[in-house]
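In what follows, a single structure is set out as structure tokens and then discussed.
The values are calculated or read from the model by the stated rules, or taken from the named source; none is laboratory data. Quick caveat, the model's predicted, so the values are computed rather than measured. Cβ sites come from the backbone with ideal geometry, for glycine too, and all protein chains shown count toward neighbours. For accessibility, only protein heavy atoms count, side chains too; no ligands or nucleic acids. Shrake-Rupley method; radii C 1.70, N 1.55, O 1.52, S 1.80 Å.
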Amino acid sequence: MLKKKKTEVYALGQHISMSADKARRVIDQIRGRSYEETLMILELMPYRACYPIFKLVYSAANHNMGSNEPNLVISQAEVNEGSTVKKLKPRARGRSFPIKRSTCHITIVMKDISLDDEYVEIDSLKKPK
């Protein structure tokens, strides 16, 4: 029996305290790029969103199941809105003003392009003769 070897690894960052739009601005720049090129882009961009995304990309690359780093490509990268933390700030004359602190969830999926169409035979699933 032939079974396709797993070629994708993902990292998920939840409840990152920044706006989803600000994180999407960085994610759009790295989607589809290689691992080494992505790290270089994230180190040089001046945005605050780069650091948590850098940590996620690095984490996904460390759990790549023995693949070489030059073979890794970011196949999917998405940012979803998370929960909003709501607080009240005291204002003049006894009134209050709402403060909404938005969060986001970031998902990075990395794919090994060298194992893309490779199949591995599994001997444990064969019936004994």
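Listing for the model above:
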{"read-out": "Residues satisfying the stated conditions in segment 20-31, i.e. over 15 Å from TYR51 (Cβ atoms) and surrounded by 12 or more Cβ atoms within 10 Å (Cβ to Cβ)", "value": "ALA20, ASP21, ARG24, ARG31"}
{"read-out": "Any hit, segment 55-76, residues being in contact (Cβ under 8 Å) with a residue 12 or more places away in the chain, within 14 Å of the chain's Cα centre (by Cα) and farther than 20 Å from ILE113 by Cβ", "value": "yes"}
{"read-out": "Residue match in segment 86-98 (condition: within 20 Å of the chain's Cα centre (by Cα) and either at pLDDT below 95 or closer than 15 Å to SER19 by Cβ (or both))", "value": "no"}
{"read-out": "Residue, farthest from CYS50 (Cα to Cα), within segment 86-95, restricted to residues that are in a strand (DSSP E or B) and either open to solvent by 100 Å² or more (accessible area, probe 1.4 Å) or touching a residue at least 60 places away in the same chain (Cβ under 8 Å) (or both)", "value": "PRO90"}
{"read-out": "From the options SER59, SER75, SER17, residue that is farther than 14 Å from THR107 by Cα, of a type outside the set (Val, Ile, Thr) and either open to solvent by less than 100 Å² (accessible area, probe 1.4 Å) or modelled with pLDDT under 95 (or both)", "value": "SER17"}
{"read-out": "Counted residues, segment 34-50 - those being within 23 Å of ASN68 (Cα to Cα) and either open to solvent by 80 Å² or more (accessible area, probe 1.4 Å) or acidic (Asp, Glu) (or both)", "value": "4"}
